[in-house]
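Here's the structure, in structure tokens; my notes come after.
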Amino acid sequence: MPFVRPLALAAALTAFVPFSEARAADEPPHTVVRTEGPIEIRDYAPMILAEVEVSGSMAGAGNSGFRPLAGYIFGANTSRQSQGSDEIAMTSPVIQTRSEEIAMTTPVTQTRGEGGQWRVAFVMPPEWTMESLPVPDDPRVTLSEMPARRMAAIRFSGGPDMARFEEMTGELTDFLAREGYEIVGEPVYARYDPPWVPTPFRRNEVMIEIAS
């Protein structure tokens, strides 16, 4: 397996690299409107997502979805500008939501089960457009436009744990209810750090879209 040794080396070297350097990926453009402890209200600019739908547990689906998306941005694509491929800068966070086979007008429901369908997405850097982004070679990877929106986010550390995700979702929804915010989207799991960052130092968030 050709990638085992480079990944192991990267994990070892991280012990000597400041965590700020490990978190070098850019975040999508946004403005922080309000901060209350670990909770922020943010206004995000429009963005483009590269997405893939996978099944399994929260952690397993996140790992499965990461591979084809990473392949896409690192060159498994066909350029619209040339005969080759394009490399796209890595951004953070990697976002993950529950996906259900239901009518488009029905809200997506967050259930307590570990299995199910998940949609995993990378945010494309803002300099790219739908017209300029390369075409994914993997048919599972799709591109979609996300309009500007206001998001509430609560920050926490650790790994991709479903119980922790639901606990933080509950804290965030309780805060939004107390403060009179209107929830208009389903919970989104956002992870900001590469897997070789030690679990206690990883930045995670639950994000929920709210009315502006």
**OP:** Could you order Glu40, Glu182 by accessible surface area, starting with the largest, using a probe radius of 1.4 Å?
**Re:** Glu182, Glu40
Subject >> Cut-off 17 Å, label 7 Å out along Cα→Cβ of Ala89, residues of the range 125-145 by amide N >> reply: 125-130, 132-134
Subject >> Theoretical FRET efficiency, 1/(1+(r/R0)^6), r = Cβ-Cβ of Gln117 and Asp174, R0 41 Å, to 0.05 >> reply: 0.95
Original post:
Full extension from Thr142 to Ser212: what is 0.36 nm times the residue separation minus their Cα-Cα distance, to one decimal in nm?
Top reply: 22.4 nm
**OP:** State the answer as a single residue: which of Pro195, Ala163, Gly180 lies farthest towards the positive end of the charge dipole of the range 158-212, with beta carbon charges of +1 for Lys and Arg and -1 for Asp and Glu, about the Cα centre.
**Re:** Pro195
**OP:** Compute the distance in nm between two label points, each set 7 Å from the Cα along the Cα-to-Cβ direction, one at Trp196 and one at Ser57.
**Re:** 2.5 nm
Subject >> Local electrostatic count, Gly180, Cβ distance below 15 Å [Lys/Arg +1, Asp/Glu -1] >> reply: -1
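The values are calculated or read from the model by the stated rules, or taken from the named source; none is laboratory data. Values in this document were obtained by computation on a predicted structure and should not be read as measured data. Cβ sites come from the backbone with ideal geometry, for glycine too, and all protein chains shown count toward neighbours. Accessible surface is based on the protein model in full, side chains and every heavy atom, while ligands, DNA and RNA are left aside. Shrake-Rupley method; radii C 1.70, N 1.55, O 1.52, S 1.80 Å.
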